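The values are calculated or read from the model by the stated rules, or taken from the named source; none is laboratory data. Model, not experiment: these values are computed from the prediction. Here the Cβ positions follow ideal geometry from the backbone for every residue, glycine too, while neighbour counts run over all protein chains shown. Heads up: the accessible areas ignore ligands, DNA and RNA and are worked out on the full protein's heavy atoms, side chains in. Shrake-Rupley method; radii C 1.70, N 1.55, O 1.52, S 1.80 Å.
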Number of protein chains: 2
Amino acid sequence: MLRTHTCGELTINDAGKEVTLSGWVFRSRDQGGMIFIDLRDRYGVTQLVFLNPAKAVDSGQSSAVSQKLYDDVKTLGREFVIKATGKVQKRSKSNPNLSTGEIEILVESLELLNASKTPPFTLEDETDGGDELRMKYRYLDLRRDVVKNNLLNRHKVAQAIREYLDGQGFADVETPFLIKSTPEGARDFVVPSRVNQGEFYALPQSPQTFKQLLMVAGFDRYYQIVRCFRDEDLRADRQPEFTQIDCEMAFVEQEDVLNMFEGMVKHAFKKVRNIEFGAFPRMTFADALKYYGNDKPDTRFEILLHEITDVAKGKNFNVIDGAEYVGAIAVPGASEYTRKQTDELTEFVKRSQIGAKGLIYVKYAVDGTLKSSVDKFYTPEDLKKWADAAEAKPGDLILVVAGDLTTSRRALSELRLELGNRLGLRDKNVYKPLWVLDFPLLEADKDTGGWVATHHPFTSWKKEDEHYFETDPGKIRANAYDLVINGVELSSGSIRIHDRSKQEKMFSTIGLSKENYEKKFAFILNAFEYGAPPHGGIAFGFDRFCSICVANEDYIREFIAFPKNNAGRDIMMDTPSTLSDEQLKELGLKVEIPK
Amino acid sequence: MLRTHTCGELTINDAGKEVTLSGWVFRSRDQGGMIFIDLRDRYGVTQLVFLNPAKAVDSGQSSAVSQKLYDDVKTLGREFVIKATGKVQKRSKSNPNLSTGEIEILVESLELLNASKTPPFTLEDETDGGDELRMKYRYLDLRRDVVKNNLLNRHKVAQAIREYLDGQGFADVETPFLIKSTPEGARDFVVPSRVNQGEFYALPQSPQTFKQLLMVAGFDRYYQIVRCFRDEDLRADRQPEFTQIDCEMAFVEQEDVLNMFEGMVKHAFKKVRNIEFGAFPRMTFADALKYYGNDKPDTRFEILLHEITDVAKGKNFNVIDGAEYVGAIAVPGASEYTRKQTDELTEFVKRSQIGAKGLIYVKYAVDGTLKSSVDKFYTPEDLKKWADAAEAKPGDLILVVAGDLTTSRRALSELRLELGNRLGLRDKNVYKPLWVLDFPLLEADKDTGGWVATHHPFTSWKKEDEHYFETDPGKIRANAYDLVINGVELSSGSIRIHDRSKQEKMFSTIGLSKENYEKKFAFILNAFEYGAPPHGGIAFGFDRFCSICVANEDYIREFIAFPKNNAGRDIMMDTPSTLSDEQLKELGLKVEIPK
């Protein structure tokens, strides 16, 4: 028996009991007459007391330990693993920050279960360990309360999700991981087959086709919390493997799906954070771009984009007159920004990631006067019209970007988020969910000039837009929806195609030849001919869901037990790594790196 | 709105309600005056009635449907998907086999949601489809109640498992799928890295090292229902990917683990099947081999192996005198077996999979006389001694195998299972769980003459057997345990090594060089130096758990939604399959199949 209790459960009600605890030496303090050790496990910290036999005699107390043991205790270092037996007693000075803060254990016997080297970084919430070091010793990093609690809370989120979906009759059905490579969208990770040399499985980017087959099979409501894989060129906080809450429903329309999963999100936030929401607002994709410049608007603050193209043009200022779009945001209370501040913002939008040509500002002083960076071209009366169009009030700083529509909107969107940060408008205690609806079905592929599916090629479209297939495919609206919280895309879904001819039309539109799609997707096309019901679904990025729900941060790595770094490496295991020649030969493969 | 109710929920209490149902045409019967359609969905079957407008007038009833619609109904084939609206009414003749058997829907309007080709096999519990066809059209096979219910019950098992483990404070922590190849034990599936050309990830055979790291990290109690991968040469009912209930606990001894997971199994059987167990019996590995010839005994019936070597030797019968081991089983009530029957049993043990040289029988007649196939060498008095040693009673058939220990025990084990089948002693309604304890730590590798880990190289051993490392490693008993039910191994586990030097000793014993194990396992060896607690765990084959718990059959494929066939292929998707040259080039790989 290695313990009778954990380090988190003893209280004053246990006083007098003989107990055995096991755990890690968290902190120790030698006070001469006695040594205190804070013993830590997953559940908490309990104070152990060892009385110095020599001093105990002096002070009239009787120590329960021998001098030998007492001397051993002095040698216990941080993170040593020990088992201690003794009596629970009331502390002379209680610690209100600990659940066990009223008691301590007067130790009678001790066993060293394992020693520990000194950890390479401190195991406190605020650690001195850098990212690389923490990842290399992730098993130590995970001992820190803050990281440990992220993962325990992740489990709580999963429990809440399962509780809700189980309750709604969703069946958790496991789908295969060794599937078929269908190189559309992102790249697949592949798995060479040894038994069928020269052939490969692929790891799923999502169980998309399987969940649709389960609908064809009549499972009606399906979910899975499931690992997915995407071989993307990595960027910050992208993981090659990630977890998805994957859901699908049959005999539903968009409204049914939105309501069901709005309910799920509410349930999880209530259970995990005790946060309650009203009905989630909804916005079309077109409006999201128009007012926020972005299909995942952070609606915690109401700095909106206003198009002022018509108002601004015609004053012989080339930058404006030659622009496809002129847009403005009014920043409340910022009319007194200094030259340095406006210069910073100009540099911000000119960064290559954003790519605006420049930034025009208009200071709308509290006294109503207007001064701008383009006074050469525009009179105060002209600028007043801008201010009105931008719904600015005296005291505001109006920021204007002109250029092509896409870049200018993106620049204004980034600018509003940056100003939201600077003005403290993106409050961590505030959650603003939003459904974004009516995404375009297709978007132009810059490289090929063809069309690609905005969501994925299994997404259905609005009947009334069908005629655009012949005239203007970019205008077709999909039955697709995203759930956004605080500017972060939490989930994405759609009502699917369930008809073979429509599915073939979609494949053709995105440039797949009949031969190609019949090779890759025969199984799903065939399935649609055997009584496929109308169906639709949604998938939530589970890592992100946890990060947002628990911490209101979009930093998923802190919610993954063993994440990869930005180069896709696990630096603790040191992988990926090379294979032996024997392994390669068995697989019928040769490494041949292009020079 | 595609439905107001499912096909499984309407009862006589809903009579008079206007409802809309959607589902599949399961059966239809045209009775001239009316057409009945059994509409099916996941939840049940509801009868739809369409009155023939022509006949309705004749009979004085009024039909709710037009002649056009009525004619359309006649064209609806099996598995067409329809949406029907109408009124719930009492049936003239109720069907007690259906939850909806007292009502029917008098249909007023109908919408065809999707047509269906005729399924290539019948979708009844007893289908006419062969395995290959069922797998190719798995989405249709899954519509059959029996397969659908297997998977829905699988979800119930998972729920019960989670409920228990969540309640016991186990944390569900997700571990990575893209890990490091450590080619010990079975072969890894590998995943080439595109970003790091020439390097590979491996898919986990189990999260073994990660769960141990989580114990080092202080997670204390961990579980996961998780996919695992093993690139084995396939045999019947082996899947390259399978699901495991993976569990680990810190600060435990073997007894703690056994009790915890005995509780889990009891909870699951109670929840899913309403079956209750008493305390699970326990048996050592040595006794299991001695009495059952097998480390996973089917204890539903008590035909036991008895060694009669000493009793039988010394009568100048070479087969016996030259044997390492002579063993017998007494088959109750089989003394009258015919020559044909005993010949069959002889052929059975001589099959190459079993490999016994022959079978000796002794018929112990009800009248107490003894007759054997070796009467030339043994008198009735001799045979009586055999009978006593085999604990046989008059009326029994005594079957004797002689030869080397391993083969003979295996032959007797197979023989007792075969006779258990023939005598109807392996009752599907009976569950006999059994803990098998004290497995050997090491077994001899026939190919290399070295030692391999019986369980895995992270398993600890009994202190009192430590001295055998120097003298007779095969005698070291591990702190390892299996849970067996009805002769099927449901789970396997052990108390782990948590000390670097012991782990290194184990790696060396199984023939890994220091260079090799430090390359492959540096992370876990290092982790053991930073305060690793004592820990142990267990893993259950989840597919098998479901198969046994739900159906008391060891046939996992029927509990997997999309299984692979015996060649590791998914014949529905037609995978594994070849990659494009472009994909291979990106991965820095060339297919080079040895001739």
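All of A:GLN197, A:GLN212, A:GLN159 fail the test of being surrounded by fewer than 21 Cβ atoms within 10 Å (Cβ to Cβ), part of a helix (DSSP H, G or I) and among the polar types (S, T, N, Q), apart from A:GLN159. Could you grab me the full set of residues in the range A:561-595 that are assigned to a loop (DSSP other than H, G, I, E, B), without any contact (Cβ under 8 Å) to a residue 24 or more places away in the chain and open to solvent by less than 10 Å² (accessible area, probe 1.4 Å)? Hits for the range A:561-595 are A:MET573, A:PRO576. Report yes if A:PHE507 is open to solvent by less than 10 Å² (accessible area, probe 1.4 Å), more than 8 Å from chain B (Cβ to nearest Cβ), under 34 Å from the mean Cα position of the chain (by Cα) and closer than 20 Å to B:PRO176 by Cα, otherwise no. So A:PHE507 does not fit the description; no.
The residues of the range A:112-138 that are more than 9 Å from chain B (Cβ to nearest Cβ) and within 26 Å of A:ARG91 (Cβ to Cβ), listed by number, are A:LEU112, A:THR122, A:LEU123, A:GLU124, A:ASP125. If you go through the range A:165-186 and keep only what is more than 22 Å from B:MET572 (Cα to Cα), assigned to a loop (DSSP other than H, G, I, E, B) and modelled with pLDDT of 95 or more, you end up with A:GLN168, A:GLY169, A:PHE170. Among the residues making up the range B:551-568, those that are within 12 Å of another protein chain (Cβ to nearest Cβ) and touching a strand residue (DSSP E or B) at 6+ places or on another chain (Cβ under 7 Å) are B:PHE562, B:LYS564.
May I ask you to say which residue of B:ASN516, B:ASN479 is farther than 21 Å from B:TYR292 by Cα and touching a residue at least 40 places away in the same chain (Cβ under 8 Å)?
The match here is B:ASN479.
Taken together, B:VAL195, B:VAL216 contain a single residue that is assigned by TED's automatic domain parsing to the domain that holds B:HIS456 and at pLDDT 95 or above, which is B:VAL216. Residues of the range B:430-455 that are touching a Ser or Thr at 6+ places or on another chain (Cβ under 8 Å) and either open to solvent by 20 Å² or more (accessible area, probe 1.4 Å) or in a strand (DSSP E or B) (or both): B:LYS432, B:LEU434, B:VAL436, B:LEU437, B:ASP438, B:PRO440, B:LEU442, B:GLU443, B:TRP451, B:ALA453, B:HIS455. Here A:ARG426 meets the list (1) out of contact with any Lys or Arg (no Cβ under 9 Å at 6 or more places or on another chain); (2) closer than 24 Å to A:GLU553 by Cα almost entirely, failing just condition (1). Only one of the listed residues (A:LYS296, A:LYS271, A:LYS290, A:LYS266) is among the basic types (Lys, Arg), without any contact (Cβ under 8 Å) to a residue 12 or more places away in the chain and not assigned by TED's automatic domain parsing to the domain that holds A:GLU418. That residue is A:LYS266. Any chance the range A:535-550 includes a residue that's crowded, with 20+ Cβ neighbours inside 10 Å, at the interface with chain B (Cβ under 7 Å from one of its Cβ atoms) and small (Gly, Ala, Ser)? Within the range A:535-550 (the criterion being crowded, with 20+ Cβ neighbours inside 10 Å, at the interface with chain B (Cβ under 7 Å from one of its Cβ atoms) and small (Gly, Ala, Ser)), the answer is no, since none of the residues qualifies. Condition check: farther than 20 Å from A:GLU124 by Cβ, open to solvent by less than 30 Å² (accessible area, probe 1.4 Å) and under 43 Å from the mean Cα position of the chain (by Cα). Does A:LEU21 satisfy that? Criteria met by A:LEU21. Applying the criterion of being within 11 Å of chain B (Cβ to nearest Cβ) and among the hydrophobic types (A, V, I, L, M, F, W, C) to the residues of the range A:510-532, the residue that is surrounded by the most Cβ atoms within 10 Å (Cβ to Cβ) is A:ALA532. Looking across the range B:95-104, the residues that are surrounded by 15 or more Cβ atoms within 10 Å (Cβ to Cβ) and either of a type in the set (Ser, Thr, Tyr) or within 35 Å of the chain's Cα centre (by Cα) (or both) come down to B:LEU98, B:SER99, B:THR100.
A single member of A:ASP141, A:ASP72, A:ASP166, A:ASP172 is within 9 Å of another protein chain (Cβ to nearest Cβ), on the phi < 0 side of the Ramachandran plot and either of a type in the set (S, T, N, Q) or touching a residue at least 24 places away in the same chain (Cβ under 8 Å) (or both), and it is A:ASP172.
Taken over the range B:489-504, the criterion of being in contact with a strand residue (DSSP E or B) (Cβ under 7 Å, 6 or more places away or on another chain) and more than 14 Å from chain A (Cβ to nearest Cβ) is satisfied by B:GLU489, B:LEU490, B:SER491, B:SER492, B:GLY493, B:SER494.
The numbered conditions (1) at pLDDT 95 or above; (2) surrounded by 20 or more Cβ atoms within 10 Å (Cβ to Cβ) are all true for A:ASN52 except (1). In the set A:SER92, A:SER109, A:SER66, only one residue is in contact (Cβ under 8 Å) with a residue 24 or more places away in the chain, more than 14 Å from chain B (Cβ to nearest Cβ), exposed (fewer than 14 other Cβ atoms within 10 Å of the Cβ) and of a type in the set (S, T, N, Q); that residue is A:SER109. The set of residues in the range A:172-194 being of a type in the set (A, V, I, L, M, F, W, C) and crowded, with 20+ Cβ neighbours inside 10 Å consists of A:VAL173, A:PHE177, A:LEU178, A:ILE179, A:PHE189, A:VAL190, A:VAL191.
Filtered by the rule that a residue be open to solvent by less than 60 Å² (accessible area, probe 1.4 Å) and among the basic types (Lys, Arg), the range B:289-322 gives a lone residue, B:ARG300. For A:GLY77, are the conditions met, namely being open to solvent by less than 70 Å² (accessible area, probe 1.4 Å) and either farther than 20 Å from B:TYR530 by Cβ or touching a Pro at 6+ places or on another chain (Cβ under 9 Å) (or both)? Answer is no for this residue. Within the range B:225-271, restricting attention to residues that are over 18 Å from the mean Cα position of the chain (by Cα), of a type in the set (A, V, I, L, M) and not in a helix (DSSP H, G or I), the residue that is nearest to the other protein chains (Cβ to nearest Cβ) is B:VAL252. Considering (1) buried (at least 22 other Cβ atoms within 10 Å of the Cβ); (2) more than 7 Å from every other protein chain (Cβ to nearest Cβ), the lone condition that B:ASN149 does not fulfil carries the number (1). Filtered by the rule that a residue be crowded, with 22+ Cβ neighbours inside 10 Å and hydrophobic (A, V, I, L, M, F, W, C), the range B:230-251 gives B:ILE245, B:CYS247, B:MET249, B:ALA250, B:PHE251.
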